[in-house]
Amino acid sequence: MTAVRGCILHFLRDPGDASAPAEAYEYFEDGLLVVRDGLVAEVGPAREVSSRLPAGTPVVDRSGKLILPGFVDCHIHYSQTDVIASYGEQLLEWLEKYTFPTEQRFEDAAHAREVADFFLDELLRNGTTTALVLGTVHAQSVDAFFEAAEARSLRMAAGKVLMDRNCPDYLRDTPESAYKESRALIEKWHGRDRLLYAITPRFAPTSTEAQLERAGDLAVEFPDVFVHTHLAENRKEVAWVRDLFPWARSYLDVYARFGLVRPRSVFAHCIHLDDEDVDLLAEQGATAAFCPTSNLFLGSGLFDHRRMHQAGVRVGVATDVGGGTSFNMLRTLSEGYKVAQLADQPLSAIRAFFLATLGGAQGLRLDDRIGNFAPGKEADFVVIDSTATPLAARRHAQTATLEERLFMTMMLGDDRFIAETYVLGRRVHSR
Ligand code: GUN
Ligand code: ZN
């Protein structure tokens, strides 16, 4: 049993839904989080909770620092760690020029493991404790990733990319190998330790209908695994899908016809959708991943978070590294805020931190395990120092309210603000 003392914030529901947003969260300016056997035992005001602590319980004092549930990244490519910040192209050219050649190297299991180790340490350095991750077409890339995640006791979801056309030969699988290899990976990894599997067709243009059908077969056989893919990111991509699937009503309809739109389906980007698509996402209980740094970097377009929210679509925030330009969720929220500003729908700091924690957990339907400090949840959390730089300290000194403090943290924050990261109550990163 251990306890951590600090300014503790966690969400109970979506502040976007509450008539008074303050009812959506609990904030203990001087709070205590008690962890027993890796799970949250109790959270509350330090004065009250400490009176109940068994004598001799160690208390880690982080007074003045913000303690939040670990961040949840709803869409990221571990295999693109070395692609980040590659110049000058939009989606389709960027894939051909930078991404596919880099993904070829994951044929080599030792390379995959080296990148997986770096990637997971980088996530932890940035306060992210759960992510939905794409590997490459190589089954061994997923083994390497899960082995690295298991070694760190992380709650992670990942899958082998399915791709049997419109890609280089060296990255091509088939409908049958996609099915067999995914099935074997599900049986090996899904539900082992804290790991979960995602059926991962890269995107509609790189799968034949025969392959999407086999992906749909897997989805029927394994109803609680994730489906994870890209949707309506870039205008040229959307036009290409129209040519490749002339029978489909829309891009999303391609996935729907193969049974791939359902709870625990996570669609990255969701920029160029019509109202029928947005309603279908909501009706089917699927999730849209908002990837602001990637959407700006690749010139893809502006995600409409208000429209998604009003339609009742689950939304998570995602870095989408290597199309995205940062592993850091604070930087991602800051770009998300600017994207929303362009549509005159400013994203409050309260809602932004909800999206990065409980909202992401709800998007992945893992909110029974992670996302806030309800007793019994897995004790993954982050300690944030909002005074980590001279400018931040100066700006922080001017803040009077939690909202102001959170807002300056998300606008100025980066990995320097992530003082510590804890997984199951154990410290795994400290600056
Ligand atoms: N669409 C298909 N593949 C990819 C990818 O690797 N990154 C992004 N951002 N979009 C994609
Ligand atoms: Zn992506």
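Taken together, the values in this text are just the output of simple stated rules run on the coordinates, not laboratory data. The shown structure was predicted, so the numbers you read here are calculated from the model rather than taken from an experiment. Note that we place each Cβ from the backbone using ideal geometry, even for glycine, and neighbour counts take in every protein chain shown.
Ranking 407, 303 by Cβ neighbours within 10 Å, fewest first, what do you get? Each step should come with its number before you reach the end.
Values: 407 22, 303 25.
Ranking 407, 303 by Cβ neighbours within 10 Å, fewest first, gives 407, 303.
Taking 420, 114, 122 as the candidate residues, the one with maximal mean-square fluctuation in a Gaussian network model of the chain, Cα springs under 10 Å, is 114. The Stokes-Einstein estimate for segment 265-336, based on a Kirkwood radius over Cα pairs and taken at 4 °C with 1.567 mPa s viscosity, is a diffusion coefficient of 106 µm²/s. Working value for segment 217-338: equivalent-ellipsoid semi-axes of 23, 17, 14 Å, each the square root of 5 times a Cα gyration tensor eigenvalue, largest first.
Give me the net charge for the shell around residue 39: Cβ to Cβ below 14 angstrom, other residues only, Lys and Arg +1, Asp and Glu -1.
Values: positive: 36, 155, 194, 369, 377, 426; negative: 37, 42, 368, 378, 380.
Charge balance near residue 39 sits at +1.
The equivalent ellipsoid that matches the C-alpha gyration tensor of segment 125-208 spans semi-axes of 24, 14, 10 angstrom, in descending order.
Report Rg(Cα)/(2.2 N^0.38 Å) for segment 37-87, keeping two decimals.
Details: Rg = 18.9 Å, N = 51, 2.2 N^0.38 = 9.8 Å.
My calculation over the Cα atoms of segment 37-87 gives 1.93.
Were the residues from residue 431 through residue 394 laid out at 0.36 nm apart, the gain over their Cα-Cα distance would be 11.3 nm. Seen from every direction in turn and averaged, the convex hull around the alpha carbons of segment 77-232 projects onto 8.7 nm². Candidate cross-link partners of residue 377 among the lysines, defined by an alpha-carbon separation under 24 Å and a same-chain spacing of 8 or more, comprise 65.
Based on the alpha-carbon gyration tensor of segment 309-362, what equivalent-ellipsoid semi-axes (square roots of 5 times the eigenvalues) come out, in whole Å, largest first? Don't jump to the answer; show the numbers that get you there.
Details: eigenvalues 58, 43, 23 Å².
Calculated on Cα positions only, the semi-axes equal 17, 15, 11 Å.
At 1.567 mPa s and 4 °C, plugging the Kirkwood radius over alpha-carbon pairs of segment 80-141 into Stokes-Einstein gives what diffusion coefficient in µm²/s?
Values: Rh = 12.7 Å.
After rounding, the answer is 102 µm²/s.
Across segment 372-431 the C-alpha pair distances fall into 5 Å bins from zero in the proportions 4, 18, 23, 19, 16, 13, 6, 1 percent. By the rule of a C-alpha distance below 13 Å, with chain neighbours fewer than 8 residues away ignored, the aspartates and glutamates paired with residue 188 are 143, 147, 150.
As a test of the formula, what do you get for the chain when each DSSP H run with n ≥ 4 contributes -39,500 (n - 2.57) and the sum is divided by the residue count, at 222 nm and rounded to the nearest 500 deg cm²/dmol?
On the way: 17 runs with 156 residues, N = 431.
Here the helix-only value at 222 nm equals -10500 deg cm²/dmol.
Say we join alpha carbon atoms closer than 10 Å with springs in a Gaussian network model of the chain; which of 264, 62, 192 then has the biggest fluctuation? Among 264, 62, 192, the largest GNM mean-square fluctuation belongs to 192. Cut-off 10 angstrom, C-alpha nodes, Gaussian network model of the chain. Which of 234, 328, 295 fluctuates the most? Sorting by GNM fluctuation, first place goes to 234.
Which of 347, 27, 156 sits farthest toward the positive end of the charge dipole of the chain, with +1 on the Cβ of Lys and Arg and -1 on the Cβ of Asp and Glu? Result: 27, furthest along the dipole toward the positive end. For segment 319-427, the Kirkwood estimate of hydrodynamic radius, built from reciprocal distances between every pair of different alpha carbons, is 15.0 Å. Quick check of the Kirkwood formula: for the chain, what is the inverse mean of 1/r over all pairs of different Cα atoms, in Å? Every distinct Cα pair counted, the radius reaches 21.7 Å.
For segment 1-110, the convex hull drawn through the C-alpha positions has a volume of 199 cubic angstrom per residue.
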